[in-house]
Amino acid sequence: MTPRWILPALTALAFVAQSISAHAATIQITMENLAVLPPEASAKIGDTVEWINKDIVAHTATARNGDWDVMLPPNKTGTLVLKKAGTVDYYCRFHPNMKAVLKIEP
Amino acid sequence: MMFVRLSAAIAAVSLLSSAALAQGAKPTDPQIAHIAYTAGVIDIKAAKQALNKTRSKEVKAFAQDMVRDHEAVNKQALDLVKKLKVKPEDNDTSRTLSKNAADKLAELGKLKGAAFDKAYIDNEVAYHKAVDNALETQLIPSASNPELKNLLQTGLKIFQGHEQHAEQVAANLK
Ligand SMILES: [Cu+2]
């Protein structure tokens, strides 16, 4: 038997989650044929970056300053919630010829 | 040191091109498919040898990347030739590549520790350079099927990535 309070509590939680995500944007960046598109993207703290790997090989999105390292298996998507402002150069550890920039505003 | 590596790379490049040139006319699609597939198999074998021998974390990670990527590309190549009903055809370039690779494997097999790591990575730089050069100047321009050409072009970008990655590992080994 489910306690009576559980449903309103879940509804409230869902509402809170929704209002948070309404402020934060999701920025999509595609990796295809070893190219990063767009090679320069802008975002704000709290936004989510979604890298979509369309290649048959794995890539990474690795910040040169060491802030983050996101693994991107073949034909999969990897996400990152931005926590720090700054202009971050990033590359793929497996294919260092893949380079891009992410501008994170406060 | 730099000169030794450079000359090794040049030797590898000229071996590749002279073998291909020996055939006279440009390679056919079935031959190109065979050469590209063979080039991948060679690098997978070299990586497997390295995985057995190395104690360096970085060299090990590099070798694992090579196995994973070249297997993925070769699987794609096999799927494509099946779809196109092309039968890969053995040829002088493939044979020369395999022969050179077998010699290199035996040579590296005698080395140990840091000497092995250095020789393996230096050869990876030279080998990827040679394959990239062959893809760019011969295989891609000669390929007539657009899907095969496309796969070779993607392969070239992946292998150029490996070349840069190998150069980084080589710099770190010093
Ligand atoms: Cu990559």
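The numbers here are math on the coordinates, done by the rules we state, and not lab data. Small disclaimer: the values here were computed from a predicted structure and weren't measured. So basically every Cβ, Gly included, is an ideal-geometry build from the backbone, and we count neighbours across all protein chains shown.
Details
- Over chain B: helical MRE at 222 nm, DSSP H runs n ≥ 4 each giving -39500 (n - 2.57), nearest 500: -28500 deg cm²/dmol
- The value of relative contact order for chain B, using C-alpha pairs under 8 Å at least six residues apart, is 36 percent.
- Label zone at residue B:55 (point 7 Å along Cα-to-Cβ), backbone N below 12 Å, the range B:84-125: B:112-115
- Contour excess over end-to-end distance, with Cα ends at residue B:41 and residue B:71 and 0.36 nm allotted per residue: 10.0 nm
- Listed by chain and number, the aspartates and glutamates placed with their C-alpha closer than 13 angstrom to that of residue A:76 are A:32, A:50, A:55; residues fewer than eight positions away on the same chain are left out.
- 10 Å Cβ neighbours from other chains, averaged over peptide B:154-163: 5
- Computed magnitude of the charge dipole of the range A:24-105 (debye, nearest 20; Cβ of K, R +1, Cβ of D, E -1): 120 debye
- Magnitude of the charge dipole, the range B:85-136, Cβ model with Lys/Arg +1 and Asp/Glu -1, debye to 20: 200 debye
- Across peptide A:27-39, the average count of Cβ atoms from other chains found within 10 Å of a residue's Cβ is 1.
- Peptide A:53-60 has a mean shielding of 4, counted as Cβ atoms of other protein chains within 10 Å of each residue's Cβ.
- Annotation: the range B:18-134 has a Kirkwood hydrodynamic radius of 15.1 angstrom, from the mean reciprocal C-alpha pair distance.
- Only Cα sites of the range B:100-162 enter the Debye sum here, all with the same form factor; the resulting log10 I(q)/I(0) across q = 0.26 1/Å is -1.01, listed in q order.
- Overall, chain B carries a charge dipole of about 460 debye about its Cα centre when +1 sits on the Cβ of Lys and Arg and -1 on the Cβ of Asp and Glu, all other atoms neutral.
- Among the listed pairs B:85/B:118; B:45/B:157; B:112/B:149; B:57/B:87, those with a Cα-Cα distance over 31 Å are B:85/B:118; B:112/B:149; B:57/B:87.
- Computed from the Cβ-Cβ distance with R0 of 45 Å, the FRET efficiency linking residue B:110 to residue B:79 stands at 0.75.
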